[in-house]
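For reference, the structure discussed in these notes is given below.
The values are calculated or read from the model by the stated rules, or taken from the named source; none is laboratory data. Computed from a predicted model, the values in this text were never measured in an experiment. Neighbour counts are summed over all protein chains in view; Cβ atoms, including those assigned to glycine, are modelled from backbone coordinates with ideal geometry. Side chains included, ligands, DNA and RNA excluded: accessible areas come from the protein's heavy atoms. Shrake-Rupley method; radii C 1.70, N 1.55, O 1.52, S 1.80 Å.
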Protein chains: 2
Amino acid sequence: MTTRIVELRQGILKKNDELAHVLRDRYTQAGVLVLNLVSSPGSGKTAFLERTLRELTTTGAKAAALVGDLETDNDAKRLAASGAPVRQINTHGTCHLDAEMIGKHLDEWTARPLAGLDYLFIENVGNLVCPSSYDLGERIRVALLSVTEGEDKPLKYPTMFNSADAAVITKLDLAEPCEFQRDEALKNIREIRPGIEIFETSSKTGAGFDGWLAYLKQERAKR
Amino acid sequence: MTTRIVELRQGILKKNDELAHVLRDRYTQAGVLVLNLVSSPGSGKTAFLERTLRELTTTGAKAAALVGDLETDNDAKRLAASGAPVRQINTHGTCHLDAEMIGKHLDEWTARPLAGLDYLFIENVGNLVCPSSYDLGERIRVALLSVTEGEDKPLKYPTMFNSADAAVITKLDLAEPCEFQRDEALKNIREIRPGIEIFETSSKTGAGFDGWLAYLKQERAKR
């Protein structure tokens, strides 16, 4: 059975890569910077995205979000408060988003969902393992790690951090009660992904958002 | 391709259920209470298990642990400090433990790994999705949720909490800085799994461990 599983898995990933390639062309043609946010459940992806959307909207940028969850539309409701267009994707038990789901939801959303957008954020299902294998056509994959999770997570989930283009440390306001070892965390992230951009943030206090927003603007200008 | 995936997945889970059935008989014959600990990455499974092993050993009970991770043997090293026998299972990228891995590691561990044991704890890979489908022959599945993750997690990952026999809230010492909404968390857990046993704990202060250890002793006596 193992050989069949490996073959089928390769087939699934190959098909996903092909669909992701089509999506990537679509994003490029529309001039939208697309980011895929991945992390453990409860790392603060939604709070981070909430503040990012709010701050971007304030500066006049056009941003939207696709939000993946196994069940519920809680996150889409929270994000919609920012005023940005948001669409929930319920995976109904599937542990990751894939390129087919993204394409389908983009098609169903509006006639021209990417038209006029500067940024599209995809909030993946909370899972530090499976989403790492599925390209969504994004230009930037962002791995989030909260100070409450322990500094060893990049070493224990290397594929996710190795495939990321940027890392965001979240919940910095809790660093002290969590006895967060900053140097250790940075060292572990860089051990898995040398040269990666790292942002140290708190969605509550706004710490680190200046640097994060400047990075977004700079990456957006590269299109 | 979807039909083939569904069929193959059913085949894998059926095979796993058969192997889990064999393991369950093996545990019962040896008179060992086996628990499967599941949670997000960074929920504090290892710290919780560390204290549980230490406290059990102090009372003269015989406990051991199998620890699953994608990579590293950090957790096994941490747990071994308790004095209990511990064995690391590296899944090398697989997002969950399965019954075959458990059987294989039990066989390789020692000639009679379960002999004389009162408790065997299996610490699963940190993942709130995939491990829910894989029976490891355990009698008690324990879902852990830290106060840092947000009270909505049971609703967003219903399969995991629905398949659990007990829920453990961890990191209670961080409840205040995290503005943890206790009533909301308890309500959400019970909505998904009515009547479930819930333990509110801190592995740092020891809060809630009296009740947890009493529960273990009581479940052990049921064999």
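Identify, please: which residue in segment B:186-216 is open to solvent by less than 10 Å² (accessible area, probe 1.4 Å) and farther than 15 Å from B:GLY150 by Cβ and is, among those, farthest from the other protein chains (Cβ to nearest Cβ)? Among them, the one singled out is B:LEU216. Filtered by the rule that a residue be over 17 Å from A:ALA76 (Cβ atoms) and within 12 Å of chain B (Cβ to nearest Cβ), segment A:115-128 gives A:ASN127, A:LEU128. Within this structure, A:ARG141 passes the test of being among the basic types (Lys, Arg) and in contact with a strand residue (DSSP E or B) (Cβ under 6 Å, 6 or more places away or on another chain).
On the stretch given as segment B:25-55, residues that are farther than 16 Å from B:HIS105 by Cβ, within 16 Å of the chain's Cα centre (by Cα) and not in a strand (DSSP E or B) total 15. The set of residues from segment B:18-39 being of a type in the set (Asp, Glu) and either over 27 Å from B:TYR215 (Cβ atoms) or within 14 Å of chain A (Cβ to nearest Cβ) (or both) comprises just one member, B:GLU18. Scanning segment A:129-185 for residues that are in contact with a Lys or Arg (Cβ under 7 Å, 6 or more places away or on another chain), facing chain B (nearest Cβ under 9 Å) and either of a type in the set (Asp, Glu) or within 15 Å of B:CYS95 (Cα to Cα) (or both) gives a single hit, A:ASP173.
A:ALA80: touching a strand residue (DSSP E or B) at 6+ places or on another chain (Cβ under 7 Å) and open to solvent by 10 Å² or more (accessible area, probe 1.4 Å), yes or no? Explain how you work it out, then say what you get.
Values: touching a strand residue (DSSP E or B) at 6+ places or on another chain (Cβ under 7 Å): yes; open to solvent by 10 Å² or more (accessible area, probe 1.4 Å): yes.
In short, yes.
Show me the helices (runs of 4 or more DSSP H) found entirely inside segment B:116-223 where at least 2 residues are within 13 Å of the chain's Cα centre (by Cα) and at pLDDT 95 or above.
On the way: elements: B:153-156, B:158-162, B:182-192, B:209-221.
Fully inside segment B:116-223 and qualifying: B:158-162.
Would you confirm, using the coordinates I've provided, whether A:VAL125 is under 19 Å from A:LEU13 (Cα atoms), out of contact with any helix residue (DSSP H, G or I) (no Cβ under 6 Å at 6 or more places or on another chain) and hydrophobic (A, V, I, L, M, F, W, C)? Here the answer is yes, as A:VAL125 does meet what is asked. Does A:GLU200 fit the bill of being in contact with a strand residue (DSSP E or B) (Cβ under 6 Å, 6 or more places away or on another chain), charged (D, E, K, R) and closer than 26 Å to A:SER82 by Cβ? Considered against the rule, which asks whether it is in contact with a strand residue (DSSP E or B) (Cβ under 6 Å, 6 or more places away or on another chain), charged (D, E, K, R) and closer than 26 Å to A:SER82 by Cβ, A:GLU200 comes out as yes. For B:THR28, all conditions in the list (1) open to solvent by less than 50 Å² (accessible area, probe 1.4 Å); (2) over 25 Å from B:ALA81 (Cα atoms); (3) among the hydroxyl-bearing types (Ser, Thr, Tyr) hold save one; what is the number of the exception? Result: B:THR28 fails condition (1) only. Among what's in segment B:1-17 and is open to solvent by 90 Å² or more (accessible area, probe 1.4 Å) and facing chain A (nearest Cβ under 9 Å), pick the residue that is nearest to B:SER132 (Cα to Cα). Checking each candidate, the answer is B:ARG4. Would you confirm whether or not segment B:167-176 contains a residue that is open to solvent by 10 Å² or more (accessible area, probe 1.4 Å) and closer than 20 Å to B:ASN36 by Cα? The answer is yes; a qualifying residue exists. Summed over segment A:84-115, the residues that are part of a helix (DSSP H, G or I) and either under 23 Å from A:LEU155 (Cα atoms) or open to solvent by 30 Å² or more (accessible area, probe 1.4 Å) (or both) give a count of 6. Only one entry in B:LYS62, B:LYS45 is of a type in the set (Lys, Arg), modelled with pLDDT of 95 or more and surrounded by 20 or more Cβ atoms within 10 Å (Cβ to Cβ), namely B:LYS45. Counting the residues of segment B:64-94 that are within 12 Å of chain A (Cβ to nearest Cβ) and touching a Pro at 6+ places or on another chain (Cβ under 8 Å) gives 2.
Being crowded, with 24+ Cβ neighbours inside 10 Å and over 22 Å from A:GLY44 (Cα atoms) holds for only one residue in B:LEU136, B:LEU144, B:LEU128, and it is B:LEU136.
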